[in-house]
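The numbers here are math on the coordinates, done by the rules we state, and not lab data. Keep in mind that this is a model prediction, so the values were computed, not measured. Positions of Cβ are generated from backbone atoms using ideal geometry, with glycine treated the same way; all protein chains shown enter the neighbour counts.
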Amino acid sequence: ALVPIQRGQDISYVMAITFDKEQTHPEQTRYTLNLLATQAAGHLENTYLHERIRTERNRIRTILDTTKDGVILLDRSGILLDTNPAAERMLSLQLSRFIGRDFIELLEEYTHIYEKDDRAQLSRILRLQPHRATNREYTIEYGGTTTYIQEIGTPVRNDKVITGRLLVLRDITEEKALLEYRTKIQRMLFHDLRNPLSSIISSMHLLIDEIPSHIEDDTARFELTEMLRIAEESATRLYNLVDSLLDIGKLQRNQLEVHFDTIHLIDTITNATLMIDTSIRQANITIESSIEDGLMVYADPELLQRIFINLLHNAVKFTPEDGKIQIDT
């Protein structure tokens, strides 16, 4: 007898059964064979599903084991469910030995991974803010080596229900080293630019004071003076830009020194205006100020003047010829 074994509407297999003698109750035999085929189809379907699950698990395991990023999977209560070799390598800890343990308790035993405040924050997120995504950086000191880690935490959802938390770790040590190298190169370049720019500005001052006085033609003297002033103003603007870039670097490293003093605001604005006087006159722009002469401010004189130079320069750039710039408090 040939009995089809169906999977859905399709026939997947055919079961062949032979009898050593004629069946006296063919209807009962047919019923028994159909029941046997149904059970066989169920067992085959389960075997197929188990094989698919096993194949999918192996595929995911292969991906986890070969990826460069560290992976730590927790359930809603903070139990460690899974990890990969990259995470163990970054944290210098064989996490796979602790599958099934409370991750927060594990961190308390290995404090080089998380500081106390970080552990408290992770515990709070698991309990009260499981939907929250996190992104932080920290360093691990182990065996005389410093490793910079970026950790991204996201909730794990199943049909929109949060079932756990995934921590993805990236080793950014090389990126940090490249960034530091680039920063050092930039600082060297900026410092190397300052000296020649300072010499150019000093030379421009000397040329403006000395050369025009030896030219008798008024028009030629005026044109030469204007050209020298434009060159001086451009060099000064570039010098201030280099200083600003250096200050930004110091600010990022928390090394910027600010020297506060009580100063007349109008004097700072006047000096800033003089620094870009040539550009103002070329565009025939009028600058008016309603600031009182006696108005005092508490600030760093050099930084404040640099700010006003940038503001005025941008104002001149975007003001049409014969326009007016108004400065008010």
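What the table shows:
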{"read-out": "Directionally averaged shadow of the chain, computed from the convex hull of its alpha-carbon atoms, nm²", "value": "34.6"}
{"read-out": "Residues with amide H under 5 Å from that of Ile327, placed H, sequence gap 5 or more", "value": "Glu288, Ser289, Ser290"}
{"read-out": "Cross-link table Lys116/Lys250; Lys176/Lys250; Lys68/Lys184, entries beyond 20 Å C-alpha to C-alpha", "value": "Lys116/Lys250; Lys68/Lys184"}
{"read-out": "Prolate/oblate/rounded call for the range 33-80, Cα gyration tensor, a/c under 1.5 rounded", "value": "oblate"}
{"read-out": "Relative contact order %, the chain, counting alpha carbon pairs below 8 Å whose residues are six or more apart", "value": "10"}
{"read-out": "Environment charge at Lys116 (Cβ cut-off 14 Å; Lys +1, Arg +1, Asp -1, Glu -1)", "value": "-4"}
{"read-out": "Cβ-derived FRET efficiency at R0 41 Å, Asp267 paired with Lys184, nearest 0.05", "value": "0.65"}
{"read-out": "Over the chain: helical MRE at 222 nm, DSSP H runs n ≥ 4 each giving -39500 (n - 2.57), nearest 500", "value": "-18000 deg cm²/dmol"}
{"read-out": "Local electrostatic count at Ile162 - Lys and Arg +1, Asp and Glu -1, tallied over other residues with Cβ under 14 Å", "value": "+4"}
{"read-out": "Note, ³J(HN,Hα) from phi for the range 185-199, Karplus 6.51, -1.76, 1.60, rounded to Hz, x at Gly and Pro", "value": "4, 4, 4, 4, 5, 5, 5, 5, 6, 4, 4, x, 5, 4, 5"}
{"read-out": "Distance from the range 61-79 to the range 200-216 (C-alpha centre basis), Å", "value": "70"}
{"read-out": "0 to 90° range, to nearest 10: angle between helix 301-317 axis and the chain longest Cα axis", "value": "90"}
{"read-out": "Distance from the range 269-315 to the range 161-198 (C-alpha centre basis), Å", "value": "35"}
{"read-out": "Nearest-ten-degree value, helix 218-252 long axis tilted from longest Cα axis of the chain", "value": "40"}
